[in-house]
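The values are calculated or read from the model by the stated rules, or taken from the named source; none is laboratory data. As the structure is a computational prediction, the values presented were derived from the model and not from experiment. Note that each Cβ is placed from the backbone with ideal geometry, even for glycine, and that neighbours are counted across all protein chains shown.
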Amino acid sequence: MADFKNVFRDAIAAAQEKLEAQAPGAQQFLRDVADAHKKSLASLLAAFADGKIDQPTLESELADEKLVFQGELLAVQAIAKKAAQDAANAFFDVIDKALVAGIGGLL
Amino acid sequence: MATARQLLRIARAHVGEQYVFGAKVPKGNPDWQGPWDCAEFTSWCVFQMTDTLFGCRPRAGDPDTADAFTGFWAEDAGGVGEEISIGQAAATPGAFLLRVPEAGATGHVVISAGGGKTIEAHSTKRGVIESTADGRRWHTGVLVPGIDVSVPELPDPPQRPGLVLRVKKPPMRGTIVKDVQRRLEQLGFHPGPRDGTYGAQTAAAVQAFQHAKGLVVDGEVGKRTAAALGVEWFG
């Protein structure tokens with residue numbers, strides 16, 4: 001089972017890699033966007049891990065989180081639409097993959 | 001053109017005044033001192049600054065009888081206004097943050113004071129207050145024509161709210177929904193069958209509960225409503 005702190009760090013790294021070539025100046029911004037989602041993601045994952053919400057509910061909530069995450073990146077002129085989409089996809093792919101194996105250390 | 005500073009000054013002058021869910025406000029009356037509801041407050045402030053109705057219908061009608069509503073704010077945001085990201089709006093004094101009304105949920109609209117702060121007609125219990133954008137559900141940021149603002153390129157976005165039970169498709173399900181339904185039932189509200197599905201009937205019971213407790217009446221269960229219900233929450 002992966003620790004949430006490490007999963008979150010890996011998710012940021014994966015997203016930053018997608019932005020590196022196109023918007024090197026936006027790396028800190030991406031980290032700020034990710035940080036704004038950190039507690040929220042942890043609470044959603046904890047609710048799922050405790051059996052308080054079912055899987056379709058978690059997936060739907062993660063999809064909403066991803067849309068907001070992407071929306072924040074898209075608002076920045078220096079970040080092209082595709083780069084914003086790729087970065088959001090990369091970030092949430094890491095979370096999704098870790099979820100399959102189980103994530104601990106949530107709250 | 002009005003400045004963000006002027007807008008915030010006029011909004012702040014009403015902090016502490018009364019909130020009444022569904023209150024109607026004569027937008028043309030500069031001496032109005034409440035009661036307010038969220039959309040009437042923001043539309044009144046805009047009218048005082050710009051002499052133009054925003055988030056109201058009829059749009060070109062009598063400002064004293066025009067009805068302000070978060071749904072009209074959503075329409076005008078995508079029309080005569082400009083939509084910006086949530087993070088940009090939270091960082092921009094004079095912008096607005098909007099939660100769009102959805103099936104089973106009432107919307108909310110606030111004035112951004114920048115730096116993640118807000119001025120808003122909040123609830124019966126708290127009235128018009130200064131608050132923060134953090135940990136709350138927003139759909140979009142809005143710029144209103146006639147109000148001069150400076151939007152930062154790389155804003156610091158507000159914290160996301162975590163789990164918020166609400167009516168959506170597919171419906172939200174789980175034992176936490178059952179916990180909410182059980183508490184509503186115990187407290188004399190009627191959420192429908194205790195089936196662990198957050199549907200329209202449960203949302204209506206939540207709205208009734210929120211109204212009775214003076215909370216923001218939005219039909220959604222986040223951290224604050226859960227605490228008022230006595231349901232253990234996450235985050």
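For this structure, a couple of remarks:
- Residues (in contact with a Lys or Arg (Cβ under 9 Å, 6 or more places away or on another chain) and either hydroxyl-bearing (S, T, Y) or crowded, with 24+ Cβ neighbours inside 10 Å (or both)) located in the stretch B:86-96: B:A90, B:G94
- Residue within the stretch B:101-116 that is modelled with pLDDT of 95 or more, facing chain A (nearest Cβ under 9 Å) and under 17 Å from B:G81 (Cβ atoms) present: no
- All strands (runs of 3 or more DSSP E) inside the stretch B:113-180 with 1 or more residues being within 30 Å of B:G196 (Cα to Cα) and of a type in the set (S, T, Y): B:117-123, B:140-143
- No other residue among A:E65, A:E61 is closer than 19 Å to B:R166 by Cβ, assigned to a helix (DSSP H, G or I) and in contact (Cβ under 8 Å) with a residue 24 or more places away in the chain apart from A:E65.
- Criterion: within 14 Å of the chain's Cα centre (by Cα) and touching a residue at least 24 places away in the same chain (Cβ under 8 Å) - qualifying residue of B:R136, B:R166: B:R136
- Selection count, the stretch B:40-54, where residues are under 19 Å from B:P93 (Cα atoms) and in a loop (DSSP other than H, G, I, E, B): 1
- Close pairs (7 angstrom Cβ cut-off, 6 or more residues apart or separate chains): at the interface with chain B (Cβ under 10 Å from one of its Cβ atoms) in the stretch A:23-38, among the basic types (K, R) anywhere: A:A36/B:R160; A:H37/B:R160
- B:P191 passes every criterion in (1) facing chain A (nearest Cβ under 10 Å); (2) assigned to a loop (DSSP other than H, G, I, E, B); (3) under 28 Å from A:L58 (Cα atoms) apart from (1).
- Residue within the stretch A:1-21 that is within 24 Å of B:P152 (Cα to Cα) and outside any helix (DSSP H, G or I) present: yes
- Test: residue in the stretch B:59-67 that is more than 17 Å from B:V128 (Cβ to Cβ), touching a residue at least 60 places away in the same chain (Cβ under 8 Å) and touching a Gly at 6+ places or on another chain (Cβ under 6 Å): no
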